[in-house]
Amino acid sequence: MTLFFFFCRFPVCFLVFTFIWNSIASESLKDLDDDDDDSWKELNFALRADTNGTIKSAHITWTDRFDDSFAYAYTNENRSDLRYDKPRPEVFVRPKFIQDAFTQFLDFFQNITKIGFVRISIPVLKDDLKKLATRKKKTATKPHVDSFQFNSYDKTLYAEFFRLSSGIPKQLKIAFFYFSERSEKVLDGSILNHSKIRKIKKLDLGSVESDITDLQLHQLECESIYIRSSTITNEGINRILKEWQDGLRKTNYLKVVSDDVQKAEIMDGVPKRTLERDVWEIKNRFNVSATVIVSRVPSDMFDSKPTFEFDEK
């Protein structure tokens, strides 16, 4: 009652008191929201094979929002060498170590609301693992993932984890599991028919050979695209350039590595200014400039091949 009469006589004091109280309450709610944040920066699942290709262990690593990193390792035998991993893992010896590790990985994946980066490295999503991925969970969440990397040629793996996650990731990279696969296998270009993949901002397929067609490339809405494919034609690339010049495409970076890159066909009918040999500047209807380069670019994993590169300034 005394406090009530005080505020009635001194209304300015009441206003000051109210402002302070609201500020304290707001900060308390903010702290509460921060404490409830269950996002992780990174989550990885990887199988490790010996020189003969036999899977010897399965690994889960993750980094929480505080930048603290942790690891689990699953194997069917006692392994002293695993203690040298960074971060040092907690080791589980199990007869069905791959299934047990994948189950734990899914438990992590389906109990986090947001993950910055998810990398999965397995040769194929076999039936036993697929059954685990399609299991029914009453409390499962669909995390939003900013960036996916799959070290696998198995398109069912990509589709399954796009199904298990929410929204459209910003980035997708697909690479090989076994090093020898880079020259033995071809990625099925039909993966680009997936609605989520078509709308990803940054698509990186530069580590694998693919059979992507002109039509599949044309349907992509990505801002950045890196593809290694000998089934992309010069006419298909030429169409992309002309659409960009007409202001019809939001793509600002395109790199295509192919067996047959012909600069005359690619630049046919494209207004341009020569900067140096095999390098041109082009502009679109909004007067935005881009550089086009046709060259042979070697990489750490492949021999040099004819390469087309478009880069908006």
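The values are calculated or read from the model by the stated rules, or taken from the named source; none is laboratory data. Note that the structure is predicted; figures quoted are calculated from it, not measured. We place every Cβ from the backbone using ideal geometry, glycine too, and count neighbours over all the protein chains shown. For the accessible areas, the whole protein counts, side chains as well, though only heavy atoms, and no ligand, DNA or RNA atoms are used. Shrake-Rupley method; radii C 1.70, N 1.55, O 1.52, S 1.80 Å.
Looking only at the stretch 121-132, which residues are of a type in the set (Val, Ile, Thr) and either at pLDDT below 95 or open to solvent by 40 Å² or more (accessible area, probe 1.4 Å) (or both)?
Scanning the stretch 121-132 gives a single hit, 124.
Which of (1) open to solvent by 60 Å² or more (accessible area, probe 1.4 Å); (2) modelled with pLDDT of 90 or more does residue 36 not meet, given it meets every other one?
Failing condition for residue 36: (2).
Looking only at the stretch 163-177, which residues are surrounded by fewer than 19 Cβ atoms within 10 Å (Cβ to Cβ), closer than 18 Å to residue 44 by Cβ and either hydrophobic (A, V, I, L, M, F, W, C) or at pLDDT below 95 (or both)?
Residue satisfying the conditions is 164 alone.
From the residues in the stretch 208-236 that are more than 17 Å from residue 190 (Cβ to Cβ) and in contact with a strand residue (DSSP E or B) (Cβ under 8 Å, 6 or more places away or on another chain), which one is least open to solvent (accessible area, probe 1.4 Å)?
If we take residues in the stretch 208-236 being more than 17 Å from residue 190 (Cβ to Cβ) and in contact with a strand residue (DSSP E or B) (Cβ under 8 Å, 6 or more places away or on another chain), then 224 is least open to solvent (accessible area, probe 1.4 Å).
Table: residues versus (1) open to solvent by 10 Å² or more (accessible area, probe 1.4 Å); (2) over 25 Å from the mean Cα position of the chain (by Cα).
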residue	(1), (2)
61	yes, no
73	no, no
84	yes, yes
106	no, no
109	no, no
119	yes, no
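From the list 249, 277, which one is of a type in the set (Lys, Arg), surrounded by fewer than 15 Cβ atoms within 10 Å (Cβ to Cβ) and at negative phi?
Only one candidate passes the filter, namely 277.
Of the residues 208, 297, which is within 29 Å of residue 148 (Cβ to Cβ), among the hydrophobic types (A, V, I, L, M, F, W, C), in contact with a Ser or Thr (Cβ under 6 Å, 6 or more places away or on another chain) and in contact (Cβ under 8 Å) with a residue 12 or more places away in the chain?
297
Residue 77 is checked against (1) surrounded by 10 or more Cβ atoms within 10 Å (Cβ to Cβ); (2) more than 21 Å from the chain's Cα centre (by Cα); (3) within 20 Å of residue 103 (Cβ to Cβ) and fails just one. What number does that condition carry?
Checking residue 77 against (1) surrounded by 10 or more Cβ atoms within 10 Å (Cβ to Cβ); (2) more than 21 Å from the chain's Cα centre (by Cα); (3) within 20 Å of residue 103 (Cβ to Cβ), the one that fails is (1).
Any chance you could count how many residues in the stretch 187-207 are more than 21 Å from residue 297 (Cβ to Cβ) and either over 14 Å from the mean Cα position of the chain (by Cα) or surrounded by fewer than 20 Cβ atoms within 10 Å (Cβ to Cβ) (or both)?
12
Consider residue 184 carefully, then state whether it is closer than 23 Å to residue 258 by Cα and surrounded by 14 or more Cβ atoms within 10 Å (Cβ to Cβ).
It is false that residue 184 is closer than 23 Å to residue 258 by Cα and surrounded by 14 or more Cβ atoms within 10 Å (Cβ to Cβ).
Has the stretch 152-170 got any residue that is over 23 Å from residue 58 (Cβ atoms) and over 11 Å from the mean Cα position of the chain (by Cα)?
Scanning the stretch 152-170 turns up at least one residue that is over 23 Å from residue 58 (Cβ atoms) and over 11 Å from the mean Cα position of the chain (by Cα).
Out of all the residues in the stretch 140-164, which are among the acidic types (Asp, Glu) and either farther than 21 Å from residue 220 by Cα or not in a helix (DSSP H, G or I) (or both)?
Selection gives 146, 154.
Collect the residues in the stretch 74-91 that are closer than 22 Å to residue 123 by Cα, in a strand (DSSP E or B) and free of Cβ contacts under 8 Å to residues at least 24 places away in the same chain, keeping them in residue-number order.
Scanning the stretch 74-91 gives a single hit, 75.
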